[in-house]
1. Residues that are within 16 Å of ligand 2 (Cβ to nearest atom): which helices (runs of 4 or more DSSP H) entirely in region 304-392 hold 1 or more of them?
2. For region 365-374, does any single residue satisfy the condition of being under 22 Å from V315 (Cα atoms), buried (at least 17 other Cβ atoms within 10 Å of the Cβ) and of a type outside the set (A, V, I, L, M)?
3. Being closer than 15 Å to P48 by Cβ and either part of a helix (DSSP H, G or I) or of a type in the set (D, E, K, R) (or both) is the filter here; which residues of region 60-74 pass it?
4. Hey, could you check region 246-262 for residues that are surrounded by 18 or more Cβ atoms within 10 Å (Cβ to Cβ) and over 18 Å from the mean Cα position of the chain (by Cα) and say which is farthest from ligand 1 (Cβ to nearest atom)?
5. What pairs can you find where one residue is in region 385-405 and without any contact (Cβ under 8 Å) to a residue 24 or more places away in the chain, the other is surrounded by 14 or more Cβ atoms within 10 Å (Cβ to Cβ), and their Cβ atoms are less than 9 Å apart, with a gap of 6+ or different chains?
6. Can you find a residue that is more than 16 Å from ligand 1 (Cβ to nearest atom), without any contact (Cβ under 8 Å) to a residue 60 or more places away in the chain and more than 30 Å from Y282 (Cβ to Cβ) anywhere in region 219-236?
7. Evaluate region 198-205: report whether one residue or more is modelled with pLDDT of 95 or more, buried (at least 22 other Cβ atoms within 10 Å of the Cβ) and part of a helix (DSSP H, G or I).
8. Just a yes or no: is a residue in region 184-193 touching a helix residue (DSSP H, G or I) at 6+ places or on another chain (Cβ under 8 Å) and among the β-branched types (V, I, T)?
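The values are calculated or read from the model by the stated rules, or taken from the named source; none is laboratory data. Model, not experiment: these values are computed from the prediction. Don't worry about glycine lacking a Cβ; one is built from the backbone with ideal geometry, like all the others, and counts go over all protein chains shown.
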Amino acid sequence: MVKICCIGAGYVGGPTMAVIAVKCPAIEVVVVDISKPRIDAWNSDKLPIYEPGLDEVVKACRGKNLFFSTDVEKHVAEADIIFVSVNTPTKTRGLGAGKAADLTYWESAARMIADVSKSDKIVVEKSTVPVKTAEAIEKILTHNSKGINYQILSNPEFLAEGTAIEDLFKPDRVLIGGRETPEGRKAVQALKEVYAHWVPEENIITTNLWSAELSKLAANAFLAQRISSVNAMSALCEATGANVSEVSYAIGKDSRIGPKFLNASVGFGGSCFQKDILNLVYICECNGLPEVANYWKQVIKINDYQKSRFVNRVVSSMFNTVSGKKVAILGFAFKKDTGDTRETPAIDVCKGLLGDKAHVSIYDPEVTEDQIQRDLAMNKVSVVWDAYEATKGAHAVCILTEWNQFKELDYQKIFDNMQKPAFIFDGRNVVDAEKLRGIGFIVYSIGKPLDAWLKDMPAIA
Ligand code: NAD
Ligand code: UDX
């Protein structure tokens, strides 16, 4: 029986290993983590992350061929294939602070693998890492090898949160990079055989190590760049009377552009896009490519601009002040169908409104009050468990996550219980603006023609 161990039971390690276990009953999969509360949660009825379809997959194989454990060393020592799926956040201090990836967790995992291994291992980079990381990992492992053979593979993960299970069941592609040596090819083949249990062979791409590592950063940069492009257009649409949804539809009909990932929004969030682009920028700078670095930097600059543009729109529409006014925030997660708030635009928007002394009342169907309070540390906000409670007595509503339930709220009831004039600022273009105007709301939708009220307000920055 092939044994797989995954170091890191997070948003990637947990779902990815659960899917491998459910698709490969003959493989034993153990997910290990240094965080006991995380492992306890994976072994309980309330999993540590909210992801549609995940409960069913975990229930189907947990205790059979899928295990969660804090006994990291034991399971690493026993495994044939070790996935490393630890976090790789942006460095906050020292060389490259604010841009470079912090590989502390990765390095300590690699040193631990070297310490405890007694048999040959395939070590798989599942985390997103800077291009050339495999070379550093190889050095750590081979300098401590005690005669053990290690093969390093890069197998970046492309799942998106909220659709992780779907994405893992039917990936557009699986990417495996390895050394172009007989041992390297053998290791690539071994990992390919795992995925071949459910992924068609033509969708499993094999490349050299550096292409695989760089492709992950490139994919996220391209995806984020599409959003910043459409968000930049949204500002121009508002200035000219064009409608960004119509523009997106029209350009997306060109098969070279394609229709997906062209929704204008209050800004992209999530743990990956910003971190990976900053990392890409840093790598370009380190390689003496400032023009390339500056090109990608713009993607983040536009995202920051979009978030502050939204806050400015709210404040300027409401007579240039929200001081003492209640503003309801519907949605705090960085996208629908997840409880994850890492880099969510809601943090910046709330901080912006709080900076102008608004009273902020937040409702999100999946994010806990604790999490929101941590994200908005030092600021006083109220977190409620119902959209109607959040909006009661409010001067304005800001929709920051595209949860389906926000389309189906009773907006007449919400309007009746709000201060007048009642504003809705839709940062995700989820509501039917015309219908809401019919009720009496002043509605702002990102990138759509402005209400007369908003047009007459002083120009925003
Ligand atoms: P996460 O923070 O949810 O999980 C990482 C886990 O690793 C944590 O539970 C942490 O306790 C554990 N860990 C850290 N060091 C450890 C060690 N030495 N030994 C054992 N456990 C250790 O992170 P995530 O969102 O799952 O992301 C993991 C990696 O995957 C990152 O590099 C990220 O960029 C990449 N990625 C994330 C996504 C996503 O949607 N979240 C998608 C694709 C790729
Ligand atoms: C992303 C990548 O999509 C995934 O392939 C990678 O593995 C991890 O990073 P994720 O961050 O989980 O996944 O979600 P994604 O669906 O990409 O959304 C990221 C952000 O962009 C969200 O805040 C989302 O609301 C926003 N977005 C997405 C838009 O604003 N407009 C769009 O058209 C699409």
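1. On the way: elements: 345-355, 369-375, 387-391.
Answer list for region 304-392: 345-355, 369-375.
2. Within region 365-374 (the criterion being under 22 Å from V315 (Cα atoms), buried (at least 17 other Cβ atoms within 10 Å of the Cβ) and of a type outside the set (A, V, I, L, M)), the answer is no, since none of the residues qualifies.
3. R62
4. V247
5. Between residues of region 385-405 that are without any contact (Cβ under 8 Å) to a residue 24 or more places away in the chain and residues that are surrounded by 14 or more Cβ atoms within 10 Å (Cβ to Cβ), the close pairs are W385/Y363; W385/P365; W385/E369; D386/Y363.
6. yes
7. From region 198-205, those modelled with pLDDT of 95 or more are 198-205; that's our starting set.
Those left that are additionally buried (at least 22 other Cβ atoms within 10 Å of the Cβ): none.
Within region 198-205 (the criterion being modelled with pLDDT of 95 or more, buried (at least 22 other Cβ atoms within 10 Å of the Cβ) and part of a helix (DSSP H, G or I)), the answer is no, since none of the residues qualifies.
8. no
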